[in-house]
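Chemist: I am attaching a structure below and will ask some questions about it afterwards.
The values are calculated or read from the model by the stated rules, or taken from the named source; none is laboratory data. Everything numeric here is computed off the predicted structure, so don't read it as measured data. Cβ placement follows ideal geometry from the backbone for every residue including glycine, while neighbour counts extend to all protein chains displayed.
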Amino acid sequence: MLTEQQKDWLNHLSDSHKVRIIPYDPRVKEIFKQQREEILTILGTDTVVLHKGASAWGISGKGDVDIYIPVSLQQFSNYFERLKKSLGEPGSFYQNERVRWNKKVENIEVEVFLVNQDADFWKESILFWNYMETHPDALEEYGKIKEEAEGTSTREYYTRKLMFINKIISFVKNESKTLERWSGFGPPTSCLGSRHSTTELPPLNLGYYIKVSLNI
């Protein structure tokens, strides 16, 4: 499912431009390292600079390097002005939420995002990334979705991506609520019978239920 805000954003994307999916390029690691050093020079060595997305995970994608700089709302304007002096005018600007700059390094697209670390979209992005980085099967499925989008329009590509991302985030949130309800409770023992004990219960195969719930 897509949110109304996501639908509005997608409607602004091209329905004719064709997406090209590029295999993972190991050069992105060095490019990120170089870009990180430049950002730290501008903003200070205590700045958090993250490499996320397909190129960070070694899977196919659009071939770009996504770099994120999460800061507090109090820091946002100051960091924006400092980055603007070095990177120029941004490609997109959402007041007190996120800003994006684009540049080319060794013919590879680099996107630098300044983000409000307290914004809802950022918190949900963290949920998604953490899940991808700890569930190889889901990451593999995400890679297939990207590969199968080769030749589709920009709008269709991002629609498929967002639907998968939303599904993962929804699952993680629901799973978190379930675990909260279960916390403090042990498995039921009244119907185990004399031949069983709680320690003999088979482990819950979360991986199986994740696949079934997400259809992956």
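Chemist: In this structure, is Leu114 within 20 Å of Leu139 (Cβ to Cβ), modelled with pLDDT of 95 or more, surrounded by 14 or more Cβ atoms within 10 Å (Cβ to Cβ) and aliphatic (A, V, I, L, M)?
Modeler: no
Chemist: Still on this structure, I have one more. Among the residues of region 81-88, are any in contact with a strand residue (DSSP E or B) (Cβ under 6 Å, 6 or more places away or on another chain), in contact (Cβ under 8 Å) with a residue 12 or more places away in the chain, in a loop (DSSP other than H, G, I, E, B) and in the same structural domain as Glu30 (by TED's automatic domain parsing)?
Modeler: No: region 81-88 contains no residue that is in contact with a strand residue (DSSP E or B) (Cβ under 6 Å, 6 or more places away or on another chain), in contact (Cβ under 8 Å) with a residue 12 or more places away in the chain, in a loop (DSSP other than H, G, I, E, B) and in the same structural domain as Glu30 (by TED's automatic domain parsing).
Chemist: Within region 57-79, identify whether any single residue is under 21 Å from Glu133 (Cβ atoms), in contact (Cβ under 8 Å) with a residue 40 or more places away in the chain and part of a helix (DSSP H, G or I), and answer yes or no.
Modeler: Yes, that holds for at least one residue.
Chemist: Would you confirm whether or not region 77-85 contains a residue that is surrounded by 12 or more Cβ atoms within 10 Å (Cβ to Cβ) and either closer than 26 Å to Tyr157 by Cβ or among the charged types (D, E, K, R) (or both)?
Modeler: Yes; the residues of region 77-85 include at least one that is surrounded by 12 or more Cβ atoms within 10 Å (Cβ to Cβ) and either closer than 26 Å to Tyr157 by Cβ or among the charged types (D, E, K, R) (or both).
Chemist: Of all residues in region 85-94, which are of a type outside the set (Gly, Ala, Ser) and out of contact with any helix residue (DSSP H, G or I) (no Cβ under 9 Å at 6 or more places or on another chain)?
Modeler: Glu89, Tyr94
Chemist: What is the number of the single condition among (1) without any contact (Cβ under 8 Å) to a residue 40 or more places away in the chain; (2) surrounded by 15 or more Cβ atoms within 10 Å (Cβ to Cβ); (3) part of a helix (DSSP H, G or I) that Val28 does not meet?
Modeler: Every condition holds for Val28 apart from (1).
Chemist: Tally up the residues in region 97-119 that are in contact with a Lys or Arg (Cβ under 8 Å, 6 or more places away or on another chain) and either assigned to a loop (DSSP other than H, G, I, E, B) or within 26 Å of Pro26 (Cβ to Cβ) (or both), please.
Modeler: Count: 8.
Chemist: Could you tell me which of the residues Val71, Val99, Val49 is more than 28 Å from Glu148 (Cα to Cα), buried (at least 17 other Cβ atoms within 10 Å of the Cβ) and within 15 Å of the chain's Cα centre (by Cα)?
Modeler: Being more than 28 Å from Glu148 (Cα to Cα), buried (at least 17 other Cβ atoms within 10 Å of the Cβ) and within 15 Å of the chain's Cα centre (by Cα) holds for just one of Val71, Val99, Val49, which is Val49.
Chemist: Let me ask something else about it. Assuming Val110 fulfils every condition listed in (1) β-branched (Val, Ile, Thr); (2) under 17 Å from the mean Cα position of the chain (by Cα); (3) not assigned by TED's automatic domain parsing to the domain that holds Glu37 apart from one, which condition is it?
Modeler: All conditions are met except number (3).
Chemist: If you go through region 139-157, how many residues are touching a residue at least 24 places away in the same chain (Cβ under 8 Å), part of a helix (DSSP H, G or I) and either of a type in the set (Val, Ile, Thr) or touching a strand residue (DSSP E or B) at 6+ places or on another chain (Cβ under 7 Å) (or both)?
Modeler: 2
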